[in-house]
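To start, the structure itself, in structure tokens.
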Amino acid sequence: MSLEHLPVAFRRRFSKIIHHIAIQKINKWNLSTEYTLHFDISPIIIREARNTEIKESTSQKKPPKITSICRFFSRTIRHGTDLLNLKGLQHTVLFFYNSYVLKSIFRFIDLYVKGSLKIHRTINANRELHVLKSQKYDLLKFSEMSPLVSIEEIGLKKEGNEKIYFDIINSPEYILGEFDQDGYVLPSSELIYTIPVIDKEHFLPRKKFKIFLVSVYGRLGVKKDYQGNTNPFLNELKVYSRLSGKNINIPSIIDVNFNLLSITVSYIRGPTIRERLYHIGAVIFDHDVQANPELNKIPNNNRWLIQTKNKSESLYRVIDSQFIENLWNEIKKIHDCDIYLNDLKYGNIIIETLSNKPYFIDFEISRDLSAFGKYIKKIQKDQEMELFNNLFFTPKNDLIFEKQG
């Protein structure tokens, strides 16, 4: 078969496609390379194709079918429109493919992962509860890794309050207040005054689980009461167990109650990014939404954009580029542990006061991807990286699929 009468560029492209198809058939039928189609192609293409054949034949694990289909359609569209020299059609088809087809596939994968984890956790809840209960002291051994915050830092002094002070520091758990939906504390004592507090009249109850500010022998902690819901309790505890001791900026576990299903973690001093944005005039807190129902029509992470003309400039008024770089590195470390945060937002990132480092909180809907294949892990993590770019206006990305022109 000769292609000498055709243009060189067409021959190269056509030859590469045909040779790739031939190699797939050879691998499928377990034939030797002597059965390869013979036609006039350049030595470079032959070398590249044979390297591809060797790489594919030595691979231990084939990619999932979903990923293969995505790659196949993407490359077919590009190669086909290149052969026909229809750049306008190529851009139109790729736009439709990226905007609708890929999003549908990603949505399906997201639902598949979510459903699989939920079914697994429901079936194995009692066994996982027993295993984690037996590992309780292993979980608590990292309790000193996060910053220690004492009750004195929130205004509870010994002078003039000796009885209350000694009751608190000698108690394994002393409830100091309850957090509302916006992160304000309804204090149980008037002695608390160095953290944002709220009165009972303006207190906005949390939508999911109750969260309390507590003291554990004088150390400040945050206790989440799961109100008997086993799955989110197990999920968050398992995520903490995978991330603890890995030099990742998260609170450390200081107590776990397996009977009442509650987790107490160390209190991290400092505001969230959400709080910082609120203080420069961002419409981002839930009590703002309740006061103005029109804001319900706007996505949570975009409400603050109403009052800002230059959104990236407004964000950089509360954090700097170094903070975002540190945040990026922390997310990569979390992803290296096969954890998908699944709830990346301004309200779940604390700016630690002394170090100015980012700390992640709230892992009740995070996902442990260790049981899934590398391509599903990659797709889930890339989705989170894309969300990171949108939230922090950065070009950082490492997508599994090729960038389309």
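Nothing in this text is a laboratory measurement; each read-out follows from the coordinates by a stated rule. Treat the numbers as computed from the prediction; the structure is a model and nothing was measured. Heads up, the Cβs are rebuilt from the backbone with ideal geometry, glycines too, and the neighbour counts pull from every protein chain shown.
Note down the magnitude of the dipole of the stretch 129-237 about its Cα centre, charges +1 on Lys and Arg C-beta and -1 on Asp and Glu C-beta and zero elsewhere, to the nearest 20 debye.
In total the dipole reaches around 480 debye.
Express in nm, to one decimal, how much length is gained between Lys208 and Asn247 on full extension, taking 0.36 nm for each residue of separation and deducting their alpha carbon distance.
Length gained, Lys208 through Asn247: 11.1 nm.
Order by neighbour count: Phe363, Phe372, fewest other Cβ atoms within 10 Å first, most last.
Phe372, Phe363
So what is the relative contact order of the stretch 125-371, in percent, for Cα pairs below 8 Å that sit 6 or more residues apart?
Averaging sequence separation for qualifying contacts and normalising by length gives 19 percent for the stretch 125-371.
Could you give the nm distance between label points at Ile280 and Lys158, where each point is 7 Å from its Cα heading toward the beta carbon?
4.2 nm
Report for the stretch 125-371 the percent antiparallel among DSSP-assigned beta bridges with both residues inside it, nearest 5.
95 percent
Sticking with the crude label model, points 7 Å out along Cα→Cβ, report the distance from Asn389 to Asn170 in nm, one decimal please.
The modelled label-to-label distance comes out at 5.9 nm.
How long is the gain from Asp336 to Ser134 if the chain were fully straight, where each residue apart is worth 0.36 nm and the alpha carbon distance is subtracted?
70.1 nm
Within the set Lys333/Lys378; Lys238/Lys377; Lys141/Lys207; Lys157/Lys207, which residue pairs have Cα atoms separated by over 23 Å?
Lys141/Lys207; Lys157/Lys207
Evaluate the distance, in nm, between pseudo-label points positioned 7 Å from the Cα of Arg317 and of Thr194 along their respective Cα→Cβ axes.
The modelled label-to-label distance comes out at 2.8 nm.
Work out the FRET efficiency for Glu352 and Val101 from their Cβ-Cβ distance, taking R0 = 56 Å, and round it to the nearest 0.05.
0.85
Give me Val216, Val149, Val265 sorted ascending by neighbouring Cβ count inside 10 Å, so fewest comes first.
Val149, Val216, Val265
To the nearest 0.05, how large is the calculated FRET efficiency for Asn126 and Glu325 if R₀ is 45 Å and r is the Cβ-Cβ distance?
E(calc), rounded to 0.05, equals 0.55.
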